[in-house]
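For reference, the structure is listed below as structure tokens.
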Amino acid sequence: MIRQFGGVIESRALDFYGGAAYIVYAAITVNLPHFAISGFGLELPWKGSVRWLDEPFEIDGSPKMYRFGGKYDPAFEKDEVLNHLADVERILSPGKSIEGALLAVGEEPITEQFPHGAMIPAFLIVYDQFGRPYRSPIKLWSDRSKRYLTKPRVEKRRRLLDCPDPKPEVIKKQL
């Protein structure tokens, strides 16, 4: 059983560097024997796929935090997030409930049909260890407040052979 929880604006889709970031607060209760979560999915009303954030690494002894990538973006402590619980070897017993945030990013932006503050209908999917999907309808609040965020500009680096050395005759003439 999958249930969305929290306030109206807690589960949301954010404009994020030319794409979108997703925060979904969900409670998952196991009602089947020998159930393991192999992955998560998010179906949106527009085309495009999402990538679930990977488990954070511990760096310099600082606490493990999930981050979307930017310096000022929301950060979540590991014990608040469900992403890392997708593990086919982690069998959950019937009646066991887990709850927290699921965090993902997508390359496709939120479509224009969902202005700031609109509710976006979607489906959260939990896949079991056999790849069977369990879908539940959810709603995401459209957060367009940081729409100015664009993908960081990366200058294209020249490769060594893109600019050939000048011919010896040209160098002699310049001297």
field: Peptide ranges 10-21, 118-129 listed from the most packed, as the mean C-beta count within 10 angstrom indicates
entry: 10-21, 118-129
- request: Report the local net charge at Ile9: Lys and Arg +1, Asp and Glu -1, summed over other residues whose C-beta lies under 11 Å from its C-beta.
  value: 0
- prompt: So what are the ³J(HN,Hα) numbers for the range 89-104, from phi and the Karplus equation (6.51, -1.76, 1.60; θ = phi - 60°), rounded to whole Hz, Gly and Pro as x?
  reply: 8, 9, 7, 9, 7, x, x, 6, 10, 10, 8, x, 9, 10, 10, 8
- line: Taking N as the number of residues in the range 1-107, the ratio of its alpha carbon radius of gyration to 2.2 N^0.38 Å works out to 1.12
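Rule-based calculations on the coordinates, nothing more; no lab input. As the structure is a prediction and not an experimental result, all values here were calculated from the model. Note that each Cβ is placed from the backbone with ideal geometry, even for glycine, and that neighbours are counted across all protein chains shown.
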